[in-house]
Each structure stands twice: as C-alpha cells, then as structure tokens.
Amino acid sequence: MGKPMKIRASAKDGVTEVKVLISHDMETGQRKDANGAVIPALFITEMSATHNGKTVLSGEFGTAISKNPYLAFKFKGGAAGDKVAVSWKDNKGDSRTDEVAIG
Amino acid sequence: MNNQRRNVLKSGSGAAILGALAAAGIIKPGVALADWNKAAFEAKSMADTLKALGTEKPAESKDVQVTGPDIAENGAVVPVGVVSTLPNTTMVAILIEKNPNALAASFMLPAGTEANVQTRVKMGQTSNIYALVKADGKFYIATKEIKVTLGGCGG
C-alpha cells in the first residue's frame, strides 16, 4: 500500500470539484542512479474516482505524469456529506483507495 | 445474505458496478479497473500514439483548449489541463510530442463529468502539448507550445 492521498472535494452550484494529490514516486525507468544502473520504472498506470459508488472519472497514466501526481476534475451533482473515493494501481501491482466526504 | 452485495447488483451496470465494487472494497481496485492501453503508452511517435488511441487524423478544434504556462522553469512539474466545450466529450488525452513516449495520460469521462481535467506532467524539452478529445464518437485535437528551461527527464 502506498501512502495516503490528499483528496479535497467541494460542491458549489450543483458541481463538485475534486482535487487529488497522490503520493507516488512515478519513476520513469529512464533515469540512472549514481552507479549508472537504470532505476526500474515504477508508475501509476490506472486510476479511478467514484461518487457514492458511481464512477465519475477513470484515467490511465504514462510515465510522463509528475512525481506525486496532482489531478483536478469536476462532475455534476454531489452534495455535502457524499462520499468521493479515488483508487490507483501501479505497474508493480501496488494499489490504494482513499475516501473523503464532500465538504 | 450479503446485503451489500445485493445492493451492488441492483445499483447499475458495467462500469458502475465495477466502481461500486471497488468502492465497497469487495474486490481490489486493481482488478476492477480496465486494461492499461500498453500500445498507446509505449508508442514513440505522435502518429503511432494517435493510431493506438483509435484515430488517424483528428480534426483541429477551437472548442478544445490546452491550458498551461508559456514557459515552464521546471520540466519535471508542468501544470497542464484540457478543457473541452464540445458536447458529449467522453475521452480526453494529453500528449507531449517530444517526450520519449508521447502519451502522458488519458481519461474516460462518464456523463455528468465535465471535460475539464488538470494535472502535472514531466517534459524532457520544449515541445508542443496536444489535447486529444473524443466527442460524439469523433476525435478533435488542440495544441499549445510550452517552453522548458530545465528538462524533467534527466538523471
């Protein structure tokens, strides 16, 4: 399991804005360490977000997404107290899901 | 009787079920998520990437916008976003022409989710950023050049 994500969801005028900060190295597999050995790739390949269990976004990432990926998106609906959950999975099979209530 | 499971089965179809299952923790999210599009993410050139995503020549559109800085000081963290005002936008993808693999990310947008996604990407060098959008089954593209003063792919 990776480290906890930071998720902020706020509803305004019928639209919920979600901001996610995932804690992940996002190693590209193209960098070398001090000894010249290639650091193996380790990056998030898939993510999804749900609102009260219904998928509102699903994404696929490549290695070009920055370390500790940031993501912001909006969906219609959502009220204070509703649950927003975000999941990710990386290329080594690690995964994590975090959930917040809309504030 | 597992009531939670009953509710999940009643709640919808396809992706909705998978999402609900993942959220309820019944199955691992990794299992529920769709297959990663390996061909598209490992394609080296823009043309190959577009082909892997299912289009040959997307139409340029003014209704699609790439947001981001004109000059990025740090190529490792470049904030970019895609905004589309086309109705029924179901997919957005971010492509960086001069990166080793052009495709940075793609997102599927179910109905109700706005075509307005922001993230941060790595850029090896100054390059055009493309936003590929699928709306009503057709592909559209928009571009913006971002100058990078310090590359994000060095050791």
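Tabulated values for the structure
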| read-out | value |
| --- | --- |
| Reach of residue A:74 by Cα under 16 Å, taken over lysines that are not fewer than 8 positions away in the same chain | A:12, A:19, A:54, A:83 |
| Segment B:53-85 versus segment A:1-72: alpha-carbon centroid distance in Å | 18 Å |
| Neighbouring partner chain Cβ atoms per residue of A:70-79, average, 10 Å criterion | 5 |
| Positions from segment B:75-103 whose accessible area shrinks by 20 Å² or more when the full protein complex is built, not the chain alone, probe 1.4 Å | B:100, B:101 |
| Listed residues A:83, A:12, A:67, most fluctuating in chain A (Gaussian network, C-alpha, under 10 Å) | A:12 |
| Relative contact order of segment A:6-101, pairs being alpha-carbon contacts under 8 Å that are 6 or more residues apart, as % | 33 percent |
| Relative packing of peptides B:39-50, B:109-120 - highest average C-beta neighbours within 10 Å first | B:109-120, B:39-50 |
| Fraction of accessible area attributable to carbon and sulfur, chain A (%, probe 1.4 Å) | 49 percent |
| Point-charge dipole on Cβ atoms (K/R +1, D/E -1) for segment B:35-148, about Cα centre, debye to 20 | 160 debye |
| Where only C-alpha atoms are counted, convex hull volume of segment B:35-148 per residue in Å³ | 91 Å³ |
| Chain A, dipole about Cα centre (Lys/Arg Cβ +1, Asp/Glu Cβ -1), debye to the nearest 20 | 200 debye |
| Neighbourhood net charge (12 Å Cβ-Cβ; Lys/Arg +1, Asp/Glu -1) for residue B:144 | -2 |
| Summed buried accessible surface, chains B and A, 1.4 Å probe, nearest 100 Å² | 3200 Å² |
| Dipole-positive endmost among A:30, A:44, A:70 within segment A:6-101 (Cβ charges, Cα centre) | A:70 |
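The values are calculated or read from the model by the stated rules, or taken from the named source; none is laboratory data. Not measured: the values here are computed from a predicted model. Cβ: placed from backbone, ideal geometry, glycine included. Neighbour counts: every protein chain shown. These accessible areas exclude ligands, DNA and RNA; they are computed on the full protein's heavy atoms, side chains included. Shrake-Rupley method; radii C 1.70, N 1.55, O 1.52, S 1.80 Å.
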